[in-house]
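Structure first, commentary second.
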């Protein structure tokens, strides 16, 4: 293989700390989501602390580790004492419940977009159908509800058809009609925008992918030439039927390789957060003609994708679409993404801030009590001074605090007090 004609297949992975830091937060959020689901499935959505270790063992936590984990996120989990049983319980905070409701509303609001994404996803397959179980595993990434089989697939019979395969006993989702308007890839829209904004040569932009290498990636002279030649190689669209082509030639293999890049690019573009685990991408490998050695293939194109190994002790690989992110945030965020990031904000808030919030509640209550006490004291002092202006033989008990307390009740009581004072002064 000449260095000037193709991209080297063996590439060292260069870390991008922006995406790795993103995954460090994502790792905490996955554990928090597991605890949330555990609490929401309990009776009255509360969990006794005594049962916490036994139930959290199913989530992979060791003994006494679950309690310490909950105390790290006081903005999400709240530990309180039952007023009757005098037993410690755990429940979700008001902020966490509001975030869950906001995410549910955003999920229901984008159901029409999820239907379009599912149609495009099925149209990318070779046979126009995908296994129901594979879509179910990746439903979170594509913004599909948990009951999407009924609320999406069976609800829209004009778009989808649910069939049973007799030979494999698996359920498949088939697309009813292939709409030509949905066969436009996301990269094609990006190319059009680049062509209009930058005025580049049409021949160079026609089959180009946006390449943004991570910091520290070494780009030599021959590698740069190889990338330039690879960018000009034509390829078949992921939505195009290639069953009638002869794929044995070298030119066809180059086109298929670039088509695999376009397929993964389009697959990530259909997700809500423009990222997906490599293990879930592998479920669509046979249906979309993706390479067998998927990790090596993705590392060969580090300027387009980024593979992060953070999370689950390096056993989990998350693939990001580099062009969709800027400084750790989505360039074009959507409502569901913003609702999910609210949980991230609650996770990142420190426990000191939670203590400050609780202190502010007590502080406001103390302020109200101090104001009432100060008001009573002022009333008492004003009444005492008014008594001194009378005759010397007047007793202090005649204008005691009882009169001041009556002063705040009604206007009739005020008139009675004034009449009594005038009577005493006129003696």
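The values are calculated or read from the model by the stated rules, or taken from the named source; none is laboratory data. Being a predicted model, the structure only gives us computed values, none of them experimental. Please note: Cβ atoms are built from the backbone with ideal geometry, for glycine as well, and neighbour counts cover all protein chains shown.
Of everything in region 224-240 that is without any contact (Cβ under 8 Å) to a residue 60 or more places away in the chain and surrounded by 14 or more Cβ atoms within 10 Å (Cβ to Cβ), the residue that is nearest to residue 20 (Cα to Cα) is 231.
Restricting attention to region 227-234, does a residue exist that is under 27 Å from residue 127 (Cα atoms) and assigned by TED's automatic domain parsing to the domain that holds residue 324? For region 227-234, residues under 27 Å from residue 127 (Cα atoms) and assigned by TED's automatic domain parsing to the domain that holds residue 324: present. Scanning region 135-159 for residues that are crowded, with 19+ Cβ neighbours inside 10 Å and assigned to a helix (DSSP H, G or I) returns 135, 148, 149, 152, 153.
Applying the condition of being within 30 Å of residue 133 (Cα to Cα) and more than 30 Å from the chain's Cα centre (by Cα) to region 170-228 and asking which residue is modelled with the highest pLDDT yields 176. If you go through region 189-215 and keep only what is assigned to a loop (DSSP other than H, G, I, E, B) and touching a residue at least 60 places away in the same chain (Cβ under 8 Å), you end up with 209, 210, 211, 212, 213, 214, 215.
How many residues, within region 71-92, are closer than 26 Å to residue 338 by Cβ, more than 18 Å from the chain's Cα centre (by Cα) and either modelled with pLDDT under 90 or not in a strand (DSSP E or B) (or both)? Number of matching residues: 2. Residues in region 243-263 that are in a loop (DSSP other than H, G, I, E, B) and either farther than 21 Å from residue 120 by Cα or free of Cβ contacts under 8 Å to residues at least 40 places away in the same chain (or both): 6 in all.
Can you find a residue that is part of a loop (DSSP other than H, G, I, E, B) and in contact (Cβ under 8 Å) with a residue 40 or more places away in the chain anywhere in region 216-223? Within region 216-223, one or more residues are part of a loop (DSSP other than H, G, I, E, B) and in contact (Cβ under 8 Å) with a residue 40 or more places away in the chain. Taking the conditions (1) closer than 21 Å to residue 344 by Cβ; (2) in contact with a helix residue (DSSP H, G or I) (Cβ under 8 Å, 6 or more places away or on another chain) in turn, residue 22 satisfies each one other than (2).
For region 265-275, the criterion of being in a strand (DSSP E or B) and either on the phi > 0 side of the Ramachandran plot or out of contact with any helix residue (DSSP H, G or I) (no Cβ under 6 Å at 6 or more places or on another chain) (or both) is met by at least one residue. Does residue 55 fit the bill of being farther than 30 Å from residue 213 by Cα, modelled with pLDDT under 85 and part of a helix (DSSP H, G or I)? Yes; evaluated as a whole, the condition is true for this residue.
Reported count of residues in region 295-337, each being in contact with a strand residue (DSSP E or B) (Cβ under 9 Å, 6 or more places away or on another chain) and on the phi < 0 side of the Ramachandran plot, is 21.
Residues checked against (1) at pLDDT below 90; (2) surrounded by 19 or more Cβ atoms within 10 Å (Cβ to Cβ):
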site	(1), (2)
242	yes, no
252	no, no
256	no, no
265	no, yes
268	no, yes
271	no, yes
275	no, yes
278	no, no
